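In what follows, a single structure is set out as structure tokens and then discussed.
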Amino acid sequence: MDKVTYNVPGINCNHCVHTIMTEVGEMEGVKNVTADAEQKKVIVEYTDPATPEKIKSLLTEINYPVA
């Protein structure tokens, strides 16, 4: 399993955290998602077929682009 950390400046509240964890958590291959509103970080543990590029693209699609 691989792990990637993203800086996501658009995380402002628990609603943002919930949305990110739900949407990214549903991606095939994603095993664990942690989002932190204070640090504005998203940490994702994943395996194939998920990739850092696909995860980053999904974050942009749901209006939480990576910095």
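Taken together, the values in this text are just the output of simple stated rules run on the coordinates, not laboratory data. Treat the numbers as computed from the prediction; the structure is a model and nothing was measured. Glycine also receives a Cβ, built like all others from the backbone with ideal geometry; neighbour counts cover every protein chain displayed.
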The lone exception for LYS40 - which of (1) surrounded by 14 or more Cβ atoms within 10 Å (Cβ to Cβ); (2) at negative phi; (3) not acidic (Asp, Glu) it fails: (2)
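Of all residues in the stretch 43-53, how many are of a type outside the set (Ser, Thr, Tyr), in contact with a Gly (Cβ under 8 Å, 6 or more places away or on another chain) and surrounded by 12 or more Cβ atoms within 10 Å (Cβ to Cβ)?
Step one: filter the stretch 43-53 for residues of a type outside the set (Ser, Thr, Tyr), giving 43-45, 48-50, 52-53.
Right, trim to in contact with a Gly (Cβ under 8 Å, 6 or more places away or on another chain) and you get 48-50.
Among the residues that remain, those that are also surrounded by 12 or more Cβ atoms within 10 Å (Cβ to Cβ) are: 50.
Residues that pass the stated criteria total 1.
Would you check which residues across the stretch 7-18 are buried (at least 16 other Cβ atoms within 10 Å of the Cβ) and either β-branched (Val, Ile, Thr) or touching a helix residue (DSSP H, G or I) at 6+ places or on another chain (Cβ under 9 Å) (or both) and list them? Working first, answer last.
Looking only at the stretch 7-18, we keep the residues that are buried (at least 16 other Cβ atoms within 10 Å of the Cβ), and these are 8, 11, 16-17.
Within the stretch 7-18, VAL8, ILE11, VAL17 meet the criteria.
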The stretch 26-63: number of residues that are closer than 13 Å to GLY10 by Cβ and touching a Leu at 6+ places or on another chain (Cβ under 8 Å): 1
Top-ranked residue in the stretch 31-41 [being part of a strand (DSSP E or B) and in contact with a helix residue (DSSP H, G or I) (Cβ under 6 Å, 6 or more places away or on another chain); ranked as nearest to TYR64 (Cα to Cα)]: ALA35
Lone unmet requirement of (1) surrounded by 15 or more Cβ atoms within 10 Å (Cβ to Cβ); (2) in a loop (DSSP other than H, G, I, E, B); (3) acidic (Asp, Glu) for GLU28: (1)
